[in-house]
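Asks: Below is the structure I would like to discuss, written out as structure tokens.
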Amino acid sequence: MSFTVEERGNPNSLSYRLFFKNAEGKYISPFHDIPMYADESQNIFHVVVEVPRWTNAKMEIATKDLLNPIKQDVKKGKLRYVANVFPHKGYIWNYGAIPQTWEDPAHKDGDTGCCGDNDPIDVCEIGSKVCSRGEVMKVKVLGILAMIDEGETDWKVIAINVEDPEASKFNNISDVQRLKPGYLEATVDWFRRYKVPDGKPENRFAFNDEFKDKDFAIETIKSTHNFWKDLISQKTKSGELNCKNTCVSAGDSPYCCSVDEAKTAVGETHCYVVVFIYS
């Protein structure tokens with residue numbers, strides 16, 4: 001399964017968008033149309049990279065826009081960048097999301113006591129490669145951190161690219177602790193303090209700041225996939241989320257996006273076009 005990423009607009013500007021196509025050249029939503037599983041039998045998941053390691057621009061899947069392109073987050077009309085919080089430089093992993101997942105803001109988690117953050121579940125990929133924005137990779141899950149962000153549950157999955165040279169050595173969160181000493185502690189520190197330069201309080205975490213293991217992480221991902229299924233089948237109200245997709249919904253669904261509608265949405269973003277292919 002391969003995907004093409006098409007840049008439109010100017011980087012570091014309000015016009016910038018990153019649209020996705022599948023192997024057939026059809027525009028797709030990275031939120032809804034890319035399968036969650038790369039290999040369900042082996043619990044291998046797809047991850048859409050939003051922010052490459054060491055970079056600072058706060059890029060994310062635009063869950064409220066048609067076709068959900070990746071764009072830079074905006075606050076008070078200004079593009080958002082994550083500050084360098086000593087001793088860290090930008091994001092300290094390849095940061096992204098698992099498609100076809102959704103943290104339901106109406107569901108109060110039994111472990112955290114807080115409702116979901118209305119986004120796909122986040123992933124910190126810890127492999128050696130610095131990935132590209134919009135890259136779709138296959139990962140195996142190692143564990144998960146339960147962050148509480150401004151009163152919302154915001155899970156952070158720890159995973160590694162299956163193509164990483166050392167992927168075979170990592171099978172659970174304990175392997176990260178053993179083979180990458182200090183990395184998990186740095187991850188908690190990063191998430192705790194990254195909003196402080198913006199004048200916000202430190203984030204907190206469930207489970208006494210400890211990571212849960214692989215099995216717990218996979219069950220959490222599966223539960224967010226079920227929330228997404230309810231969302232896309234209209235069993236749950238979508239609110240401001242844009243659930244239009246080109247591959248998942250049937251033609252009679254209000255969420256079914258036609259080829260013409262998709263092309264129009266992409267065409268409305270002007271300026272130059274650059275195409276990248278990931279397979």
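The values are calculated or read from the model by the stated rules, or taken from the named source; none is laboratory data. Predicted model only: the values in this text are computed from it and were never measured. Quick reminder, even Gly has a Cβ in these numbers, built from the backbone with ideal geometry, and neighbours come from all protein chains shown.
Asks: Could you check Gly199 against (1) at pLDDT 95 or above; (2) at positive phi and say which number it fails?
Replies: Unmet condition: (1).
Asks: Also: Sort out which residues of the stretch 9-41 are among the hydroxyl-bearing types (Ser, Thr, Tyr) and either in contact (Cβ under 8 Å) with a residue 12 or more places away in the chain or buried (at least 19 other Cβ atoms within 10 Å of the Cβ) (or both), and write them in order of number.
Replies: Scanning the stretch 9-41 gives Ser13, Ser15, Tyr16, Tyr27, Ser29.
Asks: Please pick out the residue among Ser128, Ser132 that is more than 25 Å from Arg80 (Cα to Cα), surrounded by fewer than 16 Cβ atoms within 10 Å (Cβ to Cβ), among the polar types (S, T, N, Q) and modelled with pLDDT of 95 or more.
Replies: Just one listed residue meets the conditions, Ser128.
Asks: Now for a different question. When the residues of the stretch 30-74 are narrowed to those that are of a type in the set (Phe, Trp, Tyr) and in a loop (DSSP other than H, G, I, E, B), which ends up farthest from Arg8 (Cα to Cα)?
Replies: Ranking the qualifying residues of the stretch 30-74, first place goes to Trp54.
Asks: Ok, one more. Against the condition in contact (Cβ under 8 Å) with a residue 40 or more places away in the chain and exposed (fewer than 14 other Cβ atoms within 10 Å of the Cβ), how does Lys64 come out, does it pass?
Replies: Yes, satisfied.
Asks: Only residues in the stretch 165-176 that are farther than 11 Å from Val141 by Cβ and at pLDDT 95 or above count as the first member; pair them with residues that are of a type outside the set (Val, Ile, Thr) and exposed (fewer than 14 other Cβ atoms within 10 Å of the Cβ), Cβ under 9 angstrom, at least 6 apart or cross-chain, and list the lot.
Replies: That search, which allows pairs on different chains as well, returns Pro165/Ser128; Glu166/Ser128; Glu166/Leu179; Lys169/Leu179; Asp175/Lys169.
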